[in-house]
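FYI, it's all coordinate maths here, none of it is from the lab. The shown structure was predicted, so the numbers you read here are calculated from the model rather than taken from an experiment. FYI the Cβ positions are ideal-geometry reconstructions off the backbone, even for glycines, and counts take in every protein chain you see.
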Amino acid sequence: MFLDIHSHILHNIDDGAKDLNTSIALLESAYAQGVTDVILTPHFYAQIHSLEERKVEAEIRFHELKNAIKGKAVPNIYLGNELFYFKGISRASTLEPFTLNDSPYLLFEPDHSLLNKALMEEILHLKERGYIPIIPHIERYSKEKGYRAFVKFVKANGILTQVNATSFFSKYYNRPLRKLLKSNLVTFLGSDAHSLETRPVLIKGALEKIASLYGEDTKQKLIDNSEWLLSQITKKELEV
């Protein structure tokens, strides 16, 4: 069992899957790699998107995809968002439409140019309100100003993080990934899949690399963490 917590597999909504057939093909690829569950997390930019319009659009696409995959060998799917930082985000009246499957978990993408004290305070305020932020692809910020302080903040405050499977196939990310994993600062592995050609799933290959470079225990921990998160985001469904 494995939950992919970060994907752009939902069709015709962002820079991810361009059509329904691509969505299905990506899900089939994920399933072939042992992924049993996928959270669809299209981008949301408050600077350019209307909340209500985007919410309706995402739900329409989600139900289109659910209908299209009936009877197919694909993972279970859930709806979420990758929410990009905006000033005052922690004071927004509601963030429930952005959470992962209506849970308290929030895939929260920082502005890479603003890894500063204000951002960290916003994250703490989100936690105070009961949200649980997960920082996606944290390794991608390693060259940005403020990264070291941000990583210290993440460690000190137990902030959840995710790294991309594709990053394990890029020499550019070798060093930050090694440091994050050795420091026990990686909570989840996600595909961040966008397309079959340029940004595929690669979960299986990444897990194999992790086992080879960091040991089976590290690989198993990421699998266990994904299973644990799945239990958390489906609690309401199980209780009904």
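Sort region 95-240 into rounded, prolate or oblate with this rule: let a ≥ b ≥ c be the square roots of the eigenvalues of the Cα gyration tensor; rounded if a/c is under 1.5, and if a/c is not under 1.5, prolate when a/b is larger than b/c, oblate otherwise. Spell out each step's value before the answer.
Details: a/c = 1.60, a/b = 1.11, b/c = 1.44.
Here region 95-240 falls in the oblate category.
Please report the relative contact order for the chain, taking Cα pairs under 8 Å with a sequence separation of at least 6, and give it as a percent rounded to a whole number. Show your work: numbers first, answer last.
Details: 407 pairs, mean separation 53.3, N = 240.
Value for the chain: 22 percent.
Relative contact order, percent, of region 3-141 when contacts are C-alpha pairs under 8 Å separated by at least 6 residues?
Details: 212 pairs, mean separation 29.9, N = 139.
The value is 22 percent.
Within the set K152/K209; K171/K204; K152/K204; K87/K155; K18/K66; K117/K235, which residue pairs have Cα atoms separated by over 28 Å? Mind dumping the intermediate values first?
Numbers: K152/K209 26 Å; K171/K204 18 Å; K152/K204 30 Å; K87/K155 23 Å; K18/K66 16 Å; K117/K235 34 Å.
Among K152/K209; K171/K204; K152/K204; K87/K155; K18/K66; K117/K235, the Cα-Cα distance tops 28 Å for K152/K204; K117/K235.
For the pair Q220/R91, report the inter-label distance in nm, with labels modelled 7 Å from Cα in the Cβ direction.
Using points 7 Å along Cα→Cβ, the separation is 4.8 nm.
Can you pull the one-decimal nm distance between simple spin-label points at Y45 and A32, each 7 Å off the Cα toward Cβ?
Each label point lies 7 Å from its Cα, and together they span 3.3 nm.
By average Cβ neighbour count within 10 Å, what is the ranking of 3-12, 48-57, 219-228, 78-87 from highest down?
3-12, 78-87, 219-228, 48-57
I want to make sure I understand the PRE zone here: with the label point 7 angstrom from the Cα of K179 toward its beta carbon, which residues in region 113-129 have backbone N atoms less than 16 Å away?
Under cut-off, by backbone N: 115-116.
Compute the distance in nm between two label points, each set 7 Å from the Cα along the Cα-to-Cβ direction, one at K55 and one at A73.
3.9 nm
Helix-only estimate, please: 222 nm mean residue ellipticity of the chain, summing -39500 (n - 2.57) across DSSP H runs of length 4 or more and dividing by its residues, to the nearest 500. It would help to have the intermediate numbers written out before the result.
Values: 8 runs with 98 residues, N = 240.
Counting only the DSSP helices, I get -12500 deg cm²/dmol.
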